[in-house]
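Only one structure is covered here, and it is reproduced in the block below.
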Ligand SMILES: [Zn+2]
């Protein structure tokens, strides 16, 4: 069916509903609103993780990837931002600090200008510290192939490892009643 024909049939149906009894009318309007709201929520709105410190949007659900490290102490799959099977890895740095990280293709972070090729969690990749562009909170690391020539720019070969504890699911943030300290003057 052509799009114009579809719209014509939808408007005809809606017009006939408005002529019917008020109970059926109200009920049908509710169903239509519910369906459209659901469609918009499913297609256009992506859940995201925010910087736990300041609320800056860091990463969207569609940007999450699964890059496994052969140095992870533990790997588990969990449902994050509504995505099932998100890989969460426990990694340890040379100082003994442990981090649970998720990996993503993109992230709204500031990359350090300094790149480090030693003590990497991902073989063949060097790393940079990644911080929040707004509050400079440490959010994780960016990874690029050794001898990468793209500088700070992302490419199909670059990715991010983000510290789960330093992120906040926006859905939970929306439900917070208490204003975070950072928003208080
Ligand atoms: Zn921040």
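Bear in mind that the values in this text are calculations on the coordinates, not laboratory data. On a predicted model such as this, the values are computed, not experimentally measured, just so you know. Don't worry about glycine lacking a Cβ; one is built from the backbone with ideal geometry, like all the others, and counts go over all protein chains shown.
I need the shape label for the stretch 104-164. Rule: rounded when a/c is under 1.5, else prolate if a/b > b/c, else oblate, with a, b, c from the alpha carbon gyration tensor. The shape class here is prolate.
Neighbour counting of Cβ atoms within 10 Å sorts the residues 123, 115, 65, 86, fewest neighbours leading, into 123, 65, 115, 86. Here the extension length gained between residue 135 and residue 171 equals 10.9 nm, from 0.36 nm per residue of separation less the Cα-Cα distance.
Orientation-averaged projection of the stretch 49-172 equals 7.2 nm² [convex hull of Cα atoms, one quarter of hull surface area]. The tail of the calculated P(r) for the stretch 72-144, taken as Cα-Cα distances beyond 21 Å, holds 30 percent of the pairs.
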